[in-house]
Structure formats: structure tokens, C-alpha cells
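Here is the structure we will look at.
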Ligand SMILES: Cc1cc2nc3c(=O)[nH]c(=O)nc-3n(C[C@H](O)[C@H](O)[C@H](O)COP(=O)(O)OP(=O)(O)OC[C@H]3O[C@@H](n4cnc5c(N)ncnc54)[C@H](O)[C@@H]3O)c2cc1C
């Protein structure tokens, strides 16, 4: 059995109830939302120390709201619902639409925005898109809450800055500026594969094709965590959109990535294809604006 020490499956309905579970089990308690990642851990025998599974889906974290500032999406909103967020058809949300289309429908119906972020897997698609959109994570515990930029959540491969018992309660996606577009591109070995390379970009472009406030986010094993490429963004900022510019921005990631070698491909292949995908993602975003 893959959960030899499991004593309780808890379904708290309030922060106070939730924190009492962590008081009892401390590090032995594990959150579960859609369960698609947790199931994989269990199947691989990686949950041996878990004494309590804490299901977040009765905590009332499944709402979506929008105002002038942006969208607030509850942590247990699944990918299918996220794909129906008001205004998601806008060019600015292209990266999110692209990323949400990656997993198979069965996973989209179960996987949650909070679980996708908290798993801290650089090969996941949706966090890359959310990073390009400057998403902010709102967390809670029994006693306090805090806001942190998504970029500040990841600390390493499969690790994050959430404290034990701290859960993501919602994600805020700021309303993008006018004439903004984004795109996400994934390289995979087959339709069920996680990203060998995942690149999300966002650009705002004026009528004379000048780019402002660019984002270039690299995932899928180009680094141990999703990262923003400051070098690529510096090349793009204030420059006029062109194929030659996108090539220069793509080359610029070379100084920042630490690509992995694994059973799926080498670091050299990731480095080379990462540049190709940055260039193509930028072109795809621009194509959404013209
Ligand atoms: C067959 C298959 C195909 C897939 N294909 C893709 C793909 O193409 N692209 C892609 O990006 N992903 C893919 N995935 C991964 C999928 O996106 C993730 O498993 C999913 O996003 C995790 O969300 P969840 O709600 O199921 O999380 P869970 O499995 O419930 O939890 C994930 C982790 O986050 C923690 N957690 C969950 N919710 C919270 C919260 N609110 N606050 C704090 N911690 C929390 C849990 O303790 C656990 O460590 C695939 C998965 C499978 C099984």
C-alpha cells in the first residue's frame, strides 16, 4: 500500500478546522485538491510519511470574480472553469488559453489552479502562463494570509516558499494593458507528455510596433524552476518588433538558463530548442495583435 501511515482523510470547511488538522499532524498532513499530482506521488510510493490528507475542496475556494483591477480565481477552480474566465478570449490571455489546452480533458476537469502552482513542477504549463501574466498568489493559514508574486513562490525543483499548513486560497491575475498579447508554446514528445520546453511570453505593442513591458518565462527543464529571462526582456523592452529582434531576444536566454539533462533529452538540446521556442512564441503573441 502506498499510504501505509494514513490515518485520516479530512475535508475541512473553515481555516480554523484546517489548522487544527495541521496542529495534530504537522508535517504528516498533505493538502489535496484535484488529486491528479498527489495520485501520481501515491502510485510511486512517495507518500509514505503522510498521516492525513487534507482535501481543500470544501473550503469555499471555488469562486471566480472580476473587477477593474483584474481577476481573482479561487484555488480549487479547475482548468476547465478557468478556461471560461470572463474575457479569456482576449489576445492578452493567449498564453493561458494555450497552456490550458495542453492536458487531456479528464485532467482539465480535475486539476486546480492552486494544485498546479503548489506542485512546483517546472514542466507544468499553466504556471508558466500565469507568470507571464504577473499573477499574484494569495495564501492562508488558520490565522493569517499573505500575498506574494507567483515568481516568489518557487524555491527549487518541486519546492516552494509555502510554510507547512499554508495553502493557496486564490490567484489574482491583473488586468493587462490595452494592446497586450501573450502566447505559450510547449515542446513535448507526445500529446500526453509534460513539457521538454515550455515558453510563455507577453508583449504590449503600440501602433508603431514598439514593445513595452515584455515578459519571457522559461520552463520545462530550461531551469530547475520556471524563470523570467531578464536578458531577453531587456532586449525587447522599447524595441521595435521584428523577426531579427525576436532572434536576438531568443539568443539572450543563453546566459540565464541552466537546462536539465534527463531521460527525455539532453541539456544541449533543451538550450538550442529553448531559443527556437522563445522566437516562435514572440511571433505568435505578435500575430495575435495584428
Ligand atoms: C495524465 C496527466 C496528464 C497531465 N498533463 C499535463 C499537461 O499537459 N500540462 C500540465 O501543465 N500538467 C499536466 N498534468 C499535471 C497536472 O496539471 C497537475 O497534476 C495538476 O495541475 C495538479 O493540480 P491538482 O489540483 O490535481 O493538485 P493535487 O494533486 O491535488 O496537488 C498537487 C500538489 O499541490 C498541493 N496543493 C494542492 N492544492 C493546494 C493549495 N490550494 N495550496 C497549497 N498546496 C496545494 C498538494 O499537497 C500537492 O503537493 C498532467 C497530469 C496527469 C496525471
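Nothing in this text is a laboratory measurement; each read-out follows from the coordinates by a stated rule. Predicted model only: the values in this text are computed from it and were never measured. When we count neighbours, we look across all protein chains shown, and the Cβ atoms used for this are built from the backbone with ideal geometry, even at glycine.
List of remarks:
- Gyration tensor verdict on segment 115-191 (Cα atoms; rounded if a/c is under 1.5, prolate if a/b is larger than b/c, oblate otherwise): oblate
- Between helix 15-25 and the chain: long-axis angle, C-alpha atoms, 0 to 90°, nearest 10: 70 degrees
- Relative contact order computed over the chain (Cα-Cα under 8 Å; 6+ residues apart), in percent: 16 percent
- Taken as Cα centroids, segment 37-73 and segment 102-175 sit 10 Å apart, rounded to the nearest whole angstrom.
- In degrees, nearest ten, helix 267-287 long axis to first principal axis of the chain (Cα): 70 degrees
- Global geometry of segment 8-55, whether rounded, prolate or oblate, following the gyration tensor of its Cα atoms and the 1.5 cut on a/c: oblate
- Ranked by how many other beta carbons lie within 10 Å on average, peptides 137-148, 247-258 from highest: 247-258, 137-148
- Within the chain, helix-based [θ] at 222 nm, where runs of 4 or more DSSP H residues each add -39,500 (n - 2.57), nearest 500: -8500 deg cm²/dmol
- Cα-based shape type of segment 1-108, given that a ≥ b ≥ c are square roots of the gyration tensor eigenvalues and the cut on a/c is 1.5: oblate
- Each Cα pair under 8 Å and six or more residues apart adds its sequence gap; the mean of these over the residue count of segment 64-174 is a relative contact order of 32 percent.
- Between helix 243-252 and the chain: long-axis angle, C-alpha atoms, 0 to 90°, nearest 10: 50 degrees
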